[in-house]
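S.K.: Take this structure, written in structure tokens, and hold onto it; I'll ask about it next.
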């Protein structure tokens, strides 16, 4: 649904392309998340790939997408106060949780709490993605 809105929007094409790529990265992250949940402790290489993709996804959001969306918003509306600070602070909390997960599982020495940690991370990623979608939707609405 969100990808369809992006395709249909008349917003800046270069920003839309970045959003499409980011959403594809998100899709890859979710596929890897599912694979890690199913494999549990039996596939440490999938856990490594998931952690790397998670870090890439977080970095893209924080250091590229949020900045680009805010930049376009400011150009459209010079009185803008920037991105929704409430959403950004909520997203920031999920970033900390994801970073903690990555730090814990970068060295795959102890996988005893993996399923519990995956569950906690998954819940937070779901919230994060909802909040990111709100930012993207507000960008699309402003662009149309």
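Just so it is clear, none of the values below were taken in a lab; they were calculated from the coordinates. Since the structure is predicted, the reported quantities are computational estimates derived from the model, not experimental observations. Positions of Cβ are generated from backbone atoms using ideal geometry, with glycine treated the same way; all protein chains shown enter the neighbour counts.
S.K.: Counting other beta carbons within 10 Å of each Cβ, put 129, 65, 55 in order, fewest first. Walk me through the numbers on the way to the answer.
M.R.: Values: 129 19, 65 22, 55 14.
So the residues, fewest neighbours to most, are 55, 129, 65.
S.K.: What is the fewest-to-most order of 106, 60 by other Cβ atoms lying within 10 Å of their Cβ? Spell out each step's value before the answer.
M.R.: Numbers: 106 13, 60 16.
Taking fewest neighbouring Cβ atoms as first place, the list is 106, 60.
S.K.: Rank the residues 20, 90 as a footprinting-exposure proxy: fewest other Cβ atoms within 10 Å of their Cβ go first. The partial results should precede the final answer.
M.R.: On the way: 20 13, 90 17.
Lowest count first: 20, 90.
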